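J.: Sending over a structure as structure tokens; questions will come in a sec.
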Amino acid sequence: MSPELLEFIKTNFIIGVYFVTLLISIVSYIKYFDTVLKYFPILIAYTLLNELLGHLIRYSENFAFLTDKSFANDIIYNIYDIFYYSFFYLIFWKLISRQTFKKWIKILSIIVLGSYIVSCFFQNPLQISLYYATSFASVILVVICILYLIDKGPNWEWHREKYNLVWWVSVGLILFHSIFPILFLLGFLGGDAWEQYELQTVLRFTILIMYMLFCIGFIKSRKRNFS
């Protein structure tokens, strides 16, 4: 296999991961179409299209979403991040039963939104990723997922949870977003470390692991075990 082909696969395999996950989510849709995750395939499709658009902007000399190509690539990811985190914050807010935890999620969500607004005063969202706010939002998502698992308390039983789609989604999110903020900040602030240690490849493989867990959830889940 040629070095060029290996580089292409390493750079673009994650798009295939999104596509396969989207297909599996659609095939399994009957299991959760009337639950709070009913719009999850739309988010996955948005992720796929956003990544394809970002790829076209980054690598195609003839493609321009906006007149200045340096703007489009950053703004589409900044907009995506807000939708992405808002989606999961709302999902877990609906699933959690303890009112104290629901209140914490509201407060944390407002703080995250505030961090994006504040970041816009120091970083131009058209020209650069709002990486501080996004990293913070990622940490908060981990906290919210953990609140969801704590909320299940003594009701947690593996023989039941292994068929619960939300359990697989929450574990996937925790594993990825526990690492993502570190890698993401290193990509912007770590100087040569990003290239030297091939952290972009590490990031892509953590995405792969998260989406594999999503796929397992779609395949194994049973409607009666959703919660």
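The values are calculated or read from the model by the stated rules, or taken from the named source; none is laboratory data. A quick note: this is a predicted structure, and the numbers were derived from the prediction, not measured. Please note: Cβ atoms are built from the backbone with ideal geometry, for glycine as well, and neighbour counts cover all protein chains shown. Areas reflect the complete protein model, heavy atoms only, side chains present, ligands, DNA and RNA absent. Shrake-Rupley method; radii C 1.70, N 1.55, O 1.52, S 1.80 Å.
J.: Over 16 Å from the mean Cα position of the chain (by Cα), over 16 Å from SER25 (Cβ atoms) and hydroxyl-bearing (Ser, Thr, Tyr) - does that describe any residue in the stretch 199-214? Spell out how you get there, then give the answer.
T.: Quick first cut of the stretch 199-214, residues over 16 Å from the mean Cα position of the chain (by Cα) only: 199, 201.
Now narrow it down to the ones that are over 16 Å from SER25 (Cβ atoms): 199, 201.
Add one more test, that the residue is hydroxyl-bearing (Ser, Thr, Tyr), and what stays is 201.
The answer is yes, given that some residue of the stretch 199-214 is over 16 Å from the mean Cα position of the chain (by Cα), over 16 Å from SER25 (Cβ atoms) and hydroxyl-bearing (Ser, Thr, Tyr).
J.: Can you tell me which of (1) without any contact (Cβ under 8 Å) to a residue 40 or more places away in the chain; (2) open to solvent by 60 Å² or more (accessible area, probe 1.4 Å) is the one LEU183 doesn't meet?
T.: Checking LEU183 against (1) without any contact (Cβ under 8 Å) to a residue 40 or more places away in the chain; (2) open to solvent by 60 Å² or more (accessible area, probe 1.4 Å), the one that fails is (2).
J.: Is it the case that the stretch 150-157 has a residue that's of a type in the set (A, V, I, L, M, F, W, C) and within 30 Å of GLY114 (Cβ to Cβ)?
T.: Residues of the stretch 150-157 that are of a type in the set (A, V, I, L, M, F, W, C), as a first pass: 150, 156.
With within 30 Å of GLY114 (Cβ to Cβ) added as a condition, the list becomes 150.
Scanning the stretch 150-157 turns up at least one residue that is of a type in the set (A, V, I, L, M, F, W, C) and within 30 Å of GLY114 (Cβ to Cβ).
J.: Also, I was wondering about something else. Would you confirm whether or not the stretch 87-109 contains a residue that is outside any helix (DSSP H, G or I), in contact with a helix residue (DSSP H, G or I) (Cβ under 9 Å, 6 or more places away or on another chain) and either over 22 Å from SER178 (Cβ atoms) or at pLDDT below 95 (or both)? Spell out how you get there, then give the answer.
T.: Applying the first criterion (outside any helix (DSSP H, G or I)) to the stretch 87-109 yields 96-98.
Filter again for in contact with a helix residue (DSSP H, G or I) (Cβ under 9 Å, 6 or more places away or on another chain), leaving 96-98.
Filter once more, keeping what is either over 22 Å from SER178 (Cβ atoms) or at pLDDT below 95 (or both): 97-98.
Scanning the stretch 87-109, I find at least one residue that is outside any helix (DSSP H, G or I), in contact with a helix residue (DSSP H, G or I) (Cβ under 9 Å, 6 or more places away or on another chain) and either over 22 Å from SER178 (Cβ atoms) or at pLDDT below 95 (or both), so the answer is yes.
J.: Go through (1) over 30 Å from LYS223 (Cα atoms); (2) open to solvent by 10 Å² or more (accessible area, probe 1.4 Å) one by one and return the number of the condition ARG160 breaks.
T.: (1)
J.: OK, next. Name the residue, out of VAL171, VAL142, that is over 21 Å from THR35 (Cα atoms) and either modelled with pLDDT of 95 or more or in contact with an Asp or Glu (Cβ under 6 Å, 6 or more places away or on another chain) (or both). Even if it seems obvious, please write down each step before you answer.
T.: Values: VAL171 fails: over 21 Å from THR35 (Cα atoms).
Result: VAL142 is the single residue among VAL171, VAL142 that is over 21 Å from THR35 (Cα atoms) and either modelled with pLDDT of 95 or more or in contact with an Asp or Glu (Cβ under 6 Å, 6 or more places away or on another chain) (or both).
J.: Restricting attention to the stretch 25-41, does a residue exist that is closer than 30 Å to SER119 by Cα and modelled with pLDDT under 95?
T.: Scanning the stretch 25-41, I find no residue that is closer than 30 Å to SER119 by Cα and modelled with pLDDT under 95, so the answer is no.
J.: Mind telling me which of the residues CYS120, CYS145 ends up being within 21 Å of TYR80 (Cβ to Cβ), hydrophobic (A, V, I, L, M, F, W, C) and free of Cβ contacts under 8 Å to residues at least 12 places away in the same chain? Steps first, please.
T.: Working: CYS145 fails: free of Cβ contacts under 8 Å to residues at least 12 places away in the same chain.
None of the others qualify; the one that does is CYS120.
J.: OK, next. Could you tell me whether VAL139 is among the hydrophobic types (A, V, I, L, M, F, W, C), closer than 20 Å to LYS94 by Cα and open to solvent by 10 Å² or more (accessible area, probe 1.4 Å)?
T.: On the way: among the hydrophobic types (A, V, I, L, M, F, W, C): yes; closer than 20 Å to LYS94 by Cα: yes; open to solvent by 10 Å² or more (accessible area, probe 1.4 Å): yes.
Answer is yes for this residue.
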